[in-house]
Amino acid sequence: MTAPTPATPAVEFRNVTRSFGDGPAAVTALADVDFAIPRGMIFGVLGESGAGKSTLLRLMNGLDHPTSGRVLVEGTDLAGLGKSQMNRMRHRIGVVFQAYNLVGNLTVRQNVELPLRLQRRKARSGPDSVRVREMVDFVGLGHRVDHYPAQLSGGEKQRVAIARALVTEPSLLLCDEPTSALDTHTTSEILDLLSATRERFGTTIALVTHELEAVKAICDRAAVFESGRLHDIVEVDAARRDRGQSYLAHVREVLGE
Amino acid sequence: MTAPTPATPAVEFRNVTRSFGDGPAAVTALADVDFAIPRGMIFGVLGESGAGKSTLLRLMNGLDHPTSGRVLVEGTDLAGLGKSQMNRMRHRIGVVFQAYNLVGNLTVRQNVELPLRLQRRKARSGPDSVRVREMVDFVGLGHRVDHYPAQLSGGEKQRVAIARALVTEPSLLLCDEPTSALDTHTTSEILDLLSATRERFGTTIALVTHELEAVKAICDRAAVFESGRLHDIVEVDAARRDRGQSYLAHVREVLGE
Amino acid sequence: MNLLSEFERIFGEYGGEIAVAMGETGYMVLVSIVVAIVFGTPLGTLIYLTREGGLMEQRTTWTIANLYVTIVRSFPFLLFVVFMIPFTRAVFGTSFGTVAATFPLGFVAVAIYARFTEQILLELPSGLTEAAASMGATIPQTVFRFLLVDGRSGLVYALTSATISFVSYSTVLGVVGGGGVGDFAMRYGYHQYDFMLMYVVIALIIVCVIILQSLGHRISRALDKR
Amino acid sequence: MNLLSEFERIFGEYGGEIAVAMGETGYMVLVSIVVAIVFGTPLGTLIYLTREGGLMEQRTTWTIANLYVTIVRSFPFLLFVVFMIPFTRAVFGTSFGTVAATFPLGFVAVAIYARFTEQILLELPSGLTEAAASMGATIPQTVFRFLLVDGRSGLVYALTSATISFVSYSTVLGVVGGGGVGDFAMRYGYHQYDFMLMYVVIALIIVCVIILQSLGHRISRALDKR
Amino acid sequence: GCAGGSGESGGSEGETQTLKVAATTTPMTDVVQAAAEAIEGPYEIEMVEVADYVQPNTMLENGELDANFVQHPPFMEEFNEANNASLTVIEPVYLTVVGMYSSKWKSFDEVPEGGKIVIPQDKSNAARSLQMVADAGLIELDPKADKWTVTVDDITSNPKNLQFTEIDIMQLVAAYPEADAVFLHGTFARQLGLTPADDALITEQDEQFAVSLVSREDNADSPEVEALAKAFHSDEVRAVLEEKDVPAAF
Ligand SMILES: Nc1ncnc2c1ncn2[C@@H]1O[C@H](COP(=O)(O)OP(=O)(O)OP(=O)(O)O)[C@@H](O)[C@H]1O
Ligand SMILES: Nc1ncnc2c1ncn2[C@@H]1O[C@H](COP(=O)(O)OP(=O)(O)OP(=O)(O)O)[C@@H](O)[C@H]1O
Ligand SMILES: [Mg+2]
Ligand SMILES: [Mg+2]
């Protein structure tokens, strides 16, 4: 399962360093990171807690800026973009935050609709409204569309965040531990969805995760970070993939009853 | 590895139901749940997203109340406790929240010290201050003691939350996906710590997690929930436990390079 | 003194005038509320956006907007009313009467509510603006679809609180013939030492404000889904 | 008119009196700040705690505390000063002078700041009180070690905002011989038609307030680590 | 010129012309109301109630009013001088009996060392009260200073070391219970159940302090102000003043 790799990569980091604070309390979140994500690839980002993974993603859509070095998305240096150019760029980038960042006073449906509205697509009717419905159904919250985030469980919130990121069919998708609060079963469904999204739209996906199983399941390649340094880039052996088991059966198998 | 099981269980649920709202939008988070956690046991709680796991934990320390049925902790019905009795009970219960719930204006050290301060133990000096230091060091944040939560990564925040829950050496520890934001390596260290805590203090631990590996590694028994119903209770086969591998090696192994 | 017969006397003798005065106060306060929403909310949002580290950091704009709010709020109100007279006259052709009196009150209302708005927005979690940015929201979109959405319950509660200030400020407007219940209480009660009348009217004001307050409270709670 | 020579005249002729008046205002505002912190913060916290769905839900207490705040804030201030005269006299032996005038101002300061405190606490995330409860924190512990800790920047900023209100209110106190710069501006500027003097004094007030405001702003930012 | 006059004036013949007259409190407002009933010709009076003594003059000078009825001539002169204005007295209407009152002492001689004397803060009324205290022999005033514009600074001798507090006219009543002596207008004294004759330590009823109908130089001779003057001299007004126990100045 090799993704198409046209000339310009979807994302390119050129000697990127990002540090916070100065003096003895300074923290170097990323140190001289240099790599590229080819278009259409599902790219895993691995690393221990605090290794710089979230920082990496934030740099990819300009929410944060490198202390030195350059970040290019689809060949464009983010540092060179004006405000509205940046906004247009971001319309093509979906993000699932580690902390979800849902809008508390909007219902599930409204949260998922939001990015479409921002892009002035008419979400009330037409194919977009169908798409909103589809996404919410897909993440298993069809019966909760009119509930507010405060009424949802952790995993349910995370699923809303995923639906919100996917609803615009972005060409680049940044996922920060998108299944951390999800059980194995839901996780594998989400991973399937990510995989299918790439298949159908050629979406490039950067996937931060601690679950090696997830990397194994859908990533083409994964970068391993250690204390801000790019330690290694690992190619995933597609042959070792396996899936499709009932949840309880899986539990029993792993726990050995 | 069987835990001691004295007569009164650490936690007991008697036909507990918890539902939210009414009418067609009503959600039954837990339906007629009946089980007990013997003292000194590490008890896994498994279940898909929205199955009722967080609700279960919240009921165990009186943060939430059953719609019907009774919750007993160490033989005491929580519904019958007065305010100060409840507080004293809670002093013996540590909680790691799914959303961490750190105090944003307190440093790492101050956050960890907090439960000791509340119990009017002198944390500035004496063994408690050593213990704070120890816990912070243990979760690998010794060099970040004076940083604030906003300066930490997701996993680092989670580690502070764990240190805070453990610092008082509680007799009952409630962990809501305590390693969801942590990499495999840190996760296994935390699991070791939980295991050692039980060994040393006889702490009863309720561990909500999606990581079957975690259950396999340290739990004695696990309950599987499905849409609010207790679906099954699984005994963990201790023989199948295995651990101790370098992180990268583990990555390579799982991903098959 | 027989309280009931006192009430009878007061409402019998002054009932009509009290009703007119209530109407005047209602007018002044209502206009202030509208003006506070229409100009105060944007001004407070502007201060929030252009502040150091804000989404639209812009020192000059911030300084001017912030200065307006600070100056108008710290100007002794009675003197502010006097200060505004030439402008009031230029706009309304007259400097007295309820309508003209509302003009200076409007400026104060805007300043008060702008500050409230800023305070509410400052308390919103940073994840909210982060989410907006990540979706490529323009500044207006960030404001209307994120900040004001999650800030709405706080804004409504603050508007209630501000309205109470407007009522209190409106009582000073008797100086330029603004009328209103406050002025009525002053005029008949205080200046003519009919203390019973004065306290009855004040009680009326307070009752209205309490109703307003609990209404604002209720709406605010209903709007908060977080 | 030569502005410089006007200034010379004003400060030459009234410099000493302006200094005294500034001192009086400083006294009134300082006392208000202290009283607001000492009584306003607890009162606002009490309203927050005893509200419907609050940590210490208690209808009667909430109603009384909330009523106090609403009534004092909506009472036309000048009339409130008059209303308080008997009490002021009972406490201070006199109802005149700066010290006595500060008495009614104190009540208003408490009410204003209590409402601010409540508003700030309401905006804090629910995870905070949840964490406190889970650790078995008593109510005072929840307040001092959680709510006031995470609310501190908002509280400081609100105190700045409230202080500006106190300055504004203090100008009304001239009527009971409270003195202060506001009264000075009224007396010499307005009632004796020295408008230049009036605007110079107002400018002085505004400059002081701006300094205060930026100080409050700075402290508030420094305290916010969230 | 007639700089605006009153907004709705200058209508064609047969139409009623509305005259705006400002007043602050009773008994002035009662007088204006009585005058409104008494006025003859194609005029009607609209009373503008203003809770302040400066605004009626500013408004009148600016042509927003046709006349006002809030003050005595010295107060008006003070305004004219300070603001370069051209207000002019049309008719004195009633006399104010002012006095110094005390809740503690029967006569000025009993006022102790360091006694607290509360007086109004506006210049003319302040001068009036100081003059009364001087007449009682408790202080001496600079003979070079004008009798009706003296200030506390003109006190040349104060053997009892009396403390003077200047407050708003409206607040004088509140000062009565605790001051050693307080300046009160007749109407305010009556509110406290005091009568000038029985209760005042000293009274004064100088005719130049008659509360007067005031207009501008540019409309003083106009027919409408003439009609106003006549109305303020009517029997209706006299009846109101009698009812309020205020001595008429006409
Ligand atoms: N206040 C509420 N109003 C309505 N429904 C609620 C409320 N709180 C929780 N729920 C619902 O109750 C169910 C159980 O929630 P709970 O948080 O216990 O799930 P969970 O098992 O912890 O899920 P996760 O793994 O996603 O965190 C969910 O469907 C959730 O949406
Ligand atoms: N504002 C800040 N000030 C100081 N240090 C910061 C700040 N933001 C992030 N850091 C530090 O930078 C490092 C990298 O953070 P980052 O959030 O990228 O980690 P991560 O790999 O996503 O970790 P996790 O898996 O725990 O989420 C961490 O050590 C973090 O504490
Ligand atoms: Mg992260
Ligand atoms: Mg949960």
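Kindly indicate the residue of segment A:50-67 that is part of a loop (DSSP other than H, G, I, E, B) and touching a residue at least 60 places away in the same chain (Cβ under 8 Å) and also farthest from ligand 3 (Cβ to nearest atom) among those meeting that condition. Break it down into steps so the answer makes sense when it comes.
Narrowing segment A:50-67 to residues part of a loop (DSSP other than H, G, I, E, B): A:50-52, A:61-67.
Now narrow it down to the ones that are touching a residue at least 60 places away in the same chain (Cβ under 8 Å): A:50-52, A:61.
Working: A:50: 8, A:51: 9, A:52: 8, A:61: 15 Å.
So the residue we want is A:61.
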Among residues of segment B:136-183, those that are within 16 Å of ligand 1 (Cβ to nearest atom), crowded, with 23+ Cβ neighbours inside 10 Å and part of a helix (DSSP H, G or I), counted: 2
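Got a sec? Which of E:142, E:180 is more than 14 Å from chain C (Cβ to nearest Cβ) and surrounded by fewer than 17 Cβ atoms within 10 Å (Cβ to Cβ)? Explain how you work it out, then say what you get.
Numbers: E:180 fails: surrounded by fewer than 17 Cβ atoms within 10 Å (Cβ to Cβ).
None of the others qualify; the one that does is E:142.
Select from segment B:8-60 the residues that are of a type in the set (Lys, Arg) and under 24 Å from residue A:187 (Cβ atoms) and write down the one among them that is nearest to ligand 2 (Cβ to nearest atom).
So the first thing to find is which residues in segment B:8-60 are of a type in the set (Lys, Arg), and the list is B:14, B:18, B:39, B:53, B:58.
Among the residues that remain, those that are also under 24 Å from residue A:187 (Cβ atoms) are: B:53, B:58.
Working: B:53: 22, B:58: 25 Å.
By that ranking, first place goes to B:53.
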Helices (runs of 4 or more DSSP H) fully within segment D:1-79 counting 2 or more residues that are at pLDDT below 95: D:3-35, D:59-74
Test set (1) at pLDDT 85 or above; (2) under 30 Å from residue D:171 (Cβ atoms); (3) surrounded by 16 or more Cβ atoms within 10 Å (Cβ to Cβ) - residue E:171 fails condition number: (1)
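When you scan segment A:14-42, how many residues do you find that are within 14 Å of chain B (Cβ to nearest Cβ), away from ligand 3 (no atom under 16 Å from the Cβ) and of a type in the set (A, V, I, L, M, F, W, C)? First the steps, then the outcome.
Taking segment A:14-42 and keeping what is within 14 Å of chain B (Cβ to nearest Cβ), we get A:18-30, A:42.
This time we only want the ones that are away from ligand 3 (no atom under 16 Å from the Cβ), so: A:19, A:21-26, A:42.
Right, trim to of a type in the set (A, V, I, L, M, F, W, C) and you get A:25-26, A:42.
So the count comes out to 3.
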Candidates A:71, A:130, A:103, filtered to the one that is more than 16 Å from ligand 1 (Cβ to nearest atom), aliphatic (A, V, I, L, M) and part of a strand (DSSP E or B): A:71
Among the residues listed as D:149, D:108, D:209, D:172, the single one being in a helix (DSSP H, G or I), more than 7 Å from every other protein chain (Cβ to nearest Cβ) and modelled with pLDDT of 90 or more: D:108
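Across segment D:137-146, what is the total count of residues that are within 7 Å of chain B (Cβ to nearest Cβ) and farther than 15 Å from residue B:97 by Cβ?
Residues meeting the conditions: 3.
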Qualifying residue in segment D:190-199 (condition: over 30 Å from residue D:48 (Cβ atoms), touching a helix residue (DSSP H, G or I) at 6+ places or on another chain (Cβ under 7 Å) and of a type in the set (Ser, Thr, Tyr)): yes
Pair list, Cβ under 7 Å, 6 or more apart: segment B:167-186 residue away from chain A (no Cβ under 14 Å), other residue within 14 Å of ligand 4 (Cβ to nearest atom) and hydrophobic (A, V, I, L, M, F, W, C): B:174/B:57; B:174/B:60; B:174/B:95; B:174/B:206
Segment D:52-68 - residue that is at the interface with another protein chain (Cβ under 9 Å from one of its Cβ atoms) and either buried (at least 17 other Cβ atoms within 10 Å of the Cβ) or not hydrophobic (A, V, I, L, M, F, W, C) (or both) and, of those, farthest from residue D:130 (Cα to Cα): D:66
Test result for residue B:187, over 24 Å from residue A:54 (Cα atoms) and either modelled with pLDDT of 90 or more or more than 16 Å from ligand 4 (Cβ to nearest atom) (or both): no
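The values are calculated or read from the model by the stated rules, or taken from the named source; none is laboratory data. Since this is a predicted model, take the numbers as computed values, not measurements. Neighbour counts run over all protein chains shown; Cβ positions are idealised from the backbone, glycine included.
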